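One structure is given here, and the rest of the page talks about it.
The values are calculated or read from the model by the stated rules, or taken from the named source; none is laboratory data. Keep in mind it's a predicted model, so treat the numbers as computed, not measured. Cβ atoms come from the backbone with ideal geometry, glycine included; neighbour counts cover every protein chain shown. Just the protein is used for accessible areas: all its heavy atoms, side chains included, with ligands, DNA and RNA removed. Shrake-Rupley method; radii C 1.70, N 1.55, O 1.52, S 1.80 Å.
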Amino acid sequence: MPLVYDVHTHIGLDTGFYLRGWWPYAATTRDLLEQMDRHGIDRAVCFPFTLPSAFDAYAFAQRNEVTLLPGRFPFDRENALLATEIERVGGGRLLQFAMFDPAREIERQVEAVKSLIGKVAGLKTQSTVIRSPVRALLEHGRPLMELAAEHDLPVLFHTSVNDPWAQVADCLAVAKAFPSVRFDLAHSCRFHLPLLRECAATANVWVDCSAHLAHCQLARDNLSPVAPPDQRVVADYTQPPRVLEAVHAILGEKYMWGSDNPFMSWCDDRLRIVYTYAQEMEAVNALPPKIRESMLSHAPHAWLSGS
């Protein structure tokens, strides 16, 4: 039987989220492995939380500011700490992606990631939380993508349709500029139909469905984190498995399953969305067997390995 993958998970701690009263704010390697054991997942792609300790957590919580601390650079500690944690208790089942900031302190980030080559399996950015434009990777942030190309590291992008930092169109522009790098655009590209079609036509782009149930809820409620109705994939968003089928019909063998653990749930000042790993698995397990196997096994293998 082919290996079963979860291509989108977080491990670590976010003090800024905690101080701000947002949830979730922490998860450990053991937390993730227990979910994997419970639900038959062989391998998981994982990466640190999104607001690293290099940023002032009190400024974020009290004044909504994203400010680097003196002498620090993004993810200067988290990537190495996660590598150590995985070595201790990962059991060979976790594929670490190094988190990066597309725009700040590029040279220092590149050197830090170079020191982890052989331990990390790819690169990941969540540019919305740290308010860093993904388009910077076309300019002064290019060395990060050149590093990915040099070491055959796949890259995972958080995507957005309602902020200036992680626009799906910008993520696609970066992917097209680096055709030798394999990219995953997360969160079903927020169900944006024209952009999903563009992903399907772009050879080095895959898409994952991370936090699928949350995004279906957002679509039902017509909230801005997903594409507006006139640009959205036509589907019954009260039936999440049918939505997966509808997106798969566009992307085919380039659509992958990811839980976003623990961020299949999200509670902040405005939203209260609470789902579980088991519920996410229920949706993918309700798919026709060929689609399920493609999303859980064949598509992730192709993205991760290039074969």
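Scanning segment 41-74 for residues that are aromatic (Phe, Trp, Tyr), open to solvent by less than 10 Å² (accessible area, probe 1.4 Å) and outside any strand (DSSP E or B), we see that the one that is farthest from GLY16 (Cα to Cα) is PHE49.
Among the residues of segment 149-183, the ones that are in a loop (DSSP other than H, G, I, E, B) and either under 25 Å from CYS46 (Cβ atoms) or free of Cβ contacts under 8 Å to residues at least 24 places away in the same chain (or both) come to 13 in all. Every condition in (1) out of contact with any Cys (no Cβ under 9 Å at 6 or more places or on another chain); (2) open to solvent by 10 Å² or more (accessible area, probe 1.4 Å) is met by LEU95 except one, and the failing one is (1). The single condition among (1) farther than 18 Å from LEU251 by Cβ; (2) in contact with a Gly (Cβ under 9 Å, 6 or more places away or on another chain) that VAL155 does not satisfy is (1). Restricting attention to segment 75-92 and to residues that are touching a residue at least 60 places away in the same chain (Cβ under 8 Å) and either among the charged types (D, E, K, R) or assigned to a loop (DSSP other than H, G, I, E, B) (or both), the residue that is surrounded by the most Cβ atoms within 10 Å (Cβ to Cβ) turns out to be GLU78.
For segment 254-294, residues that are crowded, with 18+ Cβ neighbours inside 10 Å, touching a Leu at 6+ places or on another chain (Cβ under 7 Å) and closer than 22 Å to HIS158 by Cβ total 7.
The number of residues in segment 164-189 that are exposed (fewer than 14 other Cβ atoms within 10 Å of the Cβ) and not small (Gly, Ala, Ser) comes to 2. Residues that are in a loop (DSSP other than H, G, I, E, B) and surrounded by fewer than 22 Cβ atoms within 10 Å (Cβ to Cβ) within segment 104-131 comprise ARG104, GLU105, SER115, LEU116, GLY118, LYS119, ALA121, THR128, VAL129, ARG131, listed in sequence order.
Give me the pairs: first residue in segment 41-65 and over 28 Å from LEU304 (Cβ atoms), second residue aliphatic (A, V, I, L, M) and part of a helix (DSSP H, G or I), beta-carbon distance under 8 Å, and six or more apart or on different chains, which are they? From residues that are over 28 Å from LEU304 (Cβ atoms), the pairs are ALA57/LEU19; TYR58/LEU19; PHE60/LEU19; ALA61/LEU19; GLN62/LEU19; GLU65/ALA59. Taking each residue of segment 276-304 that is farther than 17 Å from THR9 by Cα and free of Cβ contacts under 8 Å to residues at least 24 places away in the same chain and looking for partners that are among the charged types (D, E, K, R) and part of a helix (DSSP H, G or I) with beta-carbon atoms closer than 8 Å, six or more apart or interchain, yields ASN285/ARG292. The residue of segment 190-213 that is farthest from the chain's Cα centre (by Cα), among those that are open to solvent by less than 10 Å² (accessible area, probe 1.4 Å) and closer than 15 Å to TRP257 by Cβ, is HIS212. Scanning segment 184-210 for residues that are of a type in the set (Ser, Thr, Tyr) and not in a helix (DSSP H, G or I) gives THR202, SER210.
Assess whether ALA283 counts as being in a helix (DSSP H, G or I), out of contact with any Phe, Trp or Tyr (no Cβ under 8 Å at 6 or more places or on another chain), at negative phi and not polar (S, T, N, Q). Step through it out loud before you land on a result.
Numbers: in a helix (DSSP H, G or I): yes; out of contact with any Phe, Trp or Tyr (no Cβ under 8 Å at 6 or more places or on another chain): yes; at negative phi: yes; not polar (S, T, N, Q): yes.
Yes.
Pairing each residue of segment 11-32 that is on the phi > 0 side of the Ramachandran plot with any residue that is surrounded by 21 or more Cβ atoms within 10 Å (Cβ to Cβ) and among the aliphatic types (A, V, I, L, M), provided the two are 6+ apart or on different chains, yields C-beta distances under 7 Å for GLY12/LEU82. In segment 15-30, the residue that is most open to solvent (accessible area, probe 1.4 Å) out of those that are closer than 19 Å to ILE273 by Cβ and within 18 Å of the chain's Cα centre (by Cα) is TRP23.
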